1. Within region 34-76, how many residues turn out to be part of a loop (DSSP other than H, G, I, E, B) and either more than 19 Å from R23 (Cα to Cα) or among the acidic types (D, E) (or both)?
2. Residues to consider are A94, A120; find the one that is crowded, with 19+ Cβ neighbours inside 10 Å, closer than 21 Å to R23 by Cα, at pLDDT 95 or above and touching a helix residue (DSSP H, G or I) at 6+ places or on another chain (Cβ under 9 Å).
3. Go through (1) at pLDDT 95 or above; (2) crowded, with 17+ Cβ neighbours inside 10 Å for L33 and report which single condition fails.
4. Do the conditions hold for R137, that is, is it at pLDDT 65 or above, of a type outside the set (A, V, I, L, M), part of a helix (DSSP H, G or I) and under 15 Å from I76 (Cβ atoms)?
5. Yes or no: D44 within 23 Å of P133 (Cα to Cα), without any contact (Cβ under 8 Å) to a residue 60 or more places away in the chain and not hydrophobic (A, V, I, L, M, F, W, C)?
Amino acid sequence: MLPVSGHPVLPPLTGNIGGGELRTRILIVDDHLIARASVRRLLDGQPFRICGEARDGKEAIEKVIELKPDIVLLDISMPVMDGITAAHEIRLIAPETKIVFLTNHDVPTFRNATQMLSDAFVYKMNADADLIPVLNRLAETPPTTPKPPRKSRRAAMG
């Protein structure tokens, strides 16, 4: 199945990663190197595995296809492709991947615009206090998968 973007829909990542312990794989997407480095430092020593980084939304989509992260930390304002457009594409190609907008835009307009596309929204200025609890919560939440249709009693008996 190919979504509008033309990229294939990715199957959910399951099983043990690399034969070691199963840890939540995180992709960091921000156009500023210092912001990506700050997130890396913040996650150092936490039970997460940073599987990659991207500088813009277009590169983020490529990395999602290649690396199959469990969670994408996504800035909104980036060159080439903004985070909102990238989130829409990520939802199409990897619907099980969780998206956290990590941004400087802590205004209701951006929160409202991103609410349907993301699993969480973290203001960069509060990342020290808010990011780890959000990631812990998302890491414990199983991916949403459609439930198989239930058969009626009549269909099951007949």
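The values are calculated or read from the model by the stated rules, or taken from the named source; none is laboratory data. Here the structure is a predicted model, which means the values were calculated and not measured. Methodologically, a virtual Cβ is constructed for each residue, glycine included, from the backbone with ideal geometry; neighbour enumeration extends over all protein chains shown.
1. From region 34-76, those part of a loop (DSSP other than H, G, I, E, B) are 44-47, 55-56, 68-70, 75-76; that's our starting set.
With the extra rule that they be either more than 19 Å from R23 (Cα to Cα) or among the acidic types (D, E) (or both), the set shrinks to 44, 55-56, 70, 75-76.
Counting residues in region 34-76 that are part of a loop (DSSP other than H, G, I, E, B) and either more than 19 Å from R23 (Cα to Cα) or among the acidic types (D, E) (or both) gives 6.
2. On the way: A120 fails: at pLDDT 95 or above.
Being crowded, with 19+ Cβ neighbours inside 10 Å, closer than 21 Å to R23 by Cα, at pLDDT 95 or above and touching a helix residue (DSSP H, G or I) at 6+ places or on another chain (Cβ under 9 Å) holds for just one of A94, A120, which is A94.
3. Status for L33: all satisfied but (2).
4. Numbers: at pLDDT 65 or above: yes; of a type outside the set (A, V, I, L, M): yes; part of a helix (DSSP H, G or I): yes; under 15 Å from I76 (Cβ atoms): no.
It is false that R137 is at pLDDT 65 or above, of a type outside the set (A, V, I, L, M), part of a helix (DSSP H, G or I) and under 15 Å from I76 (Cβ atoms).
5. Numbers: within 23 Å of P133 (Cα to Cα): yes; without any contact (Cβ under 8 Å) to a residue 60 or more places away in the chain: yes; not hydrophobic (A, V, I, L, M, F, W, C): yes.
So D44 fits the description; yes.
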